[in-house]
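Structure first, commentary second.
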Amino acid sequence: MSTAQPVATRRSVTGMSTGKLAVMWVIGSEIVIFGGILASYIMFRLQHDSWSHEAAHTNTVAGAVNTFVLLTSSLFIVLGHNAAENKDTKKAFKYIWLTILGALTFLVIKAFEWSGEISHGFTIKKSLFWSFYYTAAGVHAAHVIVGAIIMGIISLDVRKNKNLHRVELIGLYWHFVDIVWIFLFPLLYIAK
């Protein structure tokens, strides 16, 4: 009995798989969302010199550690994709879960960071800067959560040696999440 790929994963007039095309559409729509947030932030930041005083209260160390965590998790999903391509499902499963561990680590650090900032009175209502800060970082954190959940679901199939092509697809999404953070970190934490 042959285990042929479903038609939906192998046909596409674009020359790429339907799954990859779908992920590219999702990423394109997410670029519009994050692009709007970042463009608005930059325009307001240029008009409000007081934001540099507000930004001085962000936790740059936590942001830098989270940058390292996300970049490391990107390496793990690349290794997971490579393992899946080589049909090494044990390694692929392991690397997917190391990526999920990176996502969870990011979220724990973010929770400690935010609880510290909120306890010092830097809430979403304190100023326009903090509204942008919590909105941009919060929308990003939601994407981290979604990515981790999808990776968990994909890992179950990988363990059964099914749908290994999905490791590449979640990897594309995860790299996008990391790239967004690469923009958020300097804008929210470093540009003071």
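Kindly establish whether Ser119 is without any contact (Cβ under 8 Å) to a residue 60 or more places away in the chain and over 18 Å from the mean Cα position of the chain (by Cα). First the steps, then the outcome.
Details: without any contact (Cβ under 8 Å) to a residue 60 or more places away in the chain: yes; over 18 Å from the mean Cα position of the chain (by Cα): yes.
Criteria met by Ser119.
Out of all the residues in the stretch 56-95, which are over 30 Å from Ser127 (Cα atoms) and touching a Ser or Thr at 6+ places or on another chain (Cβ under 7 Å)?
Of the residues in the stretch 56-95, the ones over 30 Å from Ser127 (Cα atoms) are 71-95.
Residues satisfying the conditions are Ser73, Phe76, Ile77, Gly80, Phe93.
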Hand me the list of helices (runs of 4 or more DSSP H) wholly inside the stretch 11-128 holding 3 or more residues that are surrounded by fewer than 17 Cβ atoms within 10 Å (Cβ to Cβ).
-> 18-47, 60-85, 89-119
When you go through Tyr189, Tyr134, Tyr173 one by one, which is the residue that is under 19 Å from Glu85 (Cβ atoms) and not acidic (Asp, Glu)?
-> Tyr173
Six or more apart or on different chains, Cβ under 6 Å: which pairs go from a residue in the stretch 17-37 that's in contact (Cβ under 8 Å) with a residue 40 or more places away in the chain to one that's of a type in the set (Gly, Ala, Ser) and part of a helix (DSSP H, G or I)? Could you list them?
-> Ile37/Ala136
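Each reported figure results from applying straightforward, stated rules to the coordinates on display, with no laboratory input. Because the structure is predicted, anything quoted here is derived from the model rather than measured. Every residue, glycine as well, gets a Cβ built from its backbone with ideal geometry; the counts of neighbours run over all protein chains shown.
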